[in-house]
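Below: one structure, written as structure tokens.
The values are calculated or read from the model by the stated rules, or taken from the named source; none is laboratory data. It should be emphasised that the depicted structure is a prediction, and the values quoted were computed from it without experimental measurement. Cβ placement follows ideal geometry from the backbone for every residue including glycine, while neighbour counts extend to all protein chains displayed.
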Amino acid sequence: MEREDVIEEEGKTLCEDCFIEGHHRIQACNPWAVRSKKIFREEAGLEGTEGLTELQKAIYEFIVSSGGVKKEEIAKKFGISLLEAENQFALLRHCELLKGQKRADGVYLVPFGDK
């Protein structure tokens, strides 16, 4: 990498993509994001998985068909980083399609309507 293409942070040398990924965490529990997404989807006439990316649809369908999965399973299955899995979950949470659910062995991502 060229010197101008790297970012130094806490003694680490990072490429721009790694720096951005490390600092771009979408907050799942964000009432304003949920409200904004809900209004946007209603005005656009979107329901269910309409308007989602192919990756988001695949993640949603995987979770529904599995009855709930841990975020690590999503990262592994779809070949994405753990941060990207968390960000995709956050976006699906804002659409009120998924939520987190505590179980005996950890937190699972489940369909929003599950109890």
*Going through the range 37-54 one residue at a time, which ones are closer than 26 Å to residue 76 by Cβ and either loosely packed, with under 14 Cβ neighbours inside 10 Å or touching a Pro at 6+ places or on another chain (Cβ under 9 Å) (or both)?*
48, 53, 54
_Residues of the range 60-113 classified as closer than 24 Å to residue 40 by Cα, in a loop (DSSP other than H, G, I, E, B) and free of Cβ contacts under 8 Å to residues at least 60 places away in the same chain, total_ = 4
*Pair list, Cβ < 9 Å and 6+ apart or interchain, from the range 43-58 residues that are under 12 Å from residue 95 (Cβ atoms) and part of a helix (DSSP H, G or I) to residues that are modelled with pLDDT of 90 or more and among the acidic types (Asp, Glu)*: 44/50
_Some residue of the range 4-15 being out of contact with any Pro (no Cβ under 9 Å at 6 or more places or on another chain), part of a helix (DSSP H, G or I), surrounded by 11 or more Cβ atoms within 10 Å (Cβ to Cβ) and among the hydrophobic types (A, V, I, L, M, F, W, C)_ = no
*From 28, 33, residue being touching a Lys or Arg at 6+ places or on another chain (Cβ under 9 Å), at pLDDT below 90, in a loop (DSSP other than H, G, I, E, B) and closer than 23 Å to residue 113 by Cβ*: 28
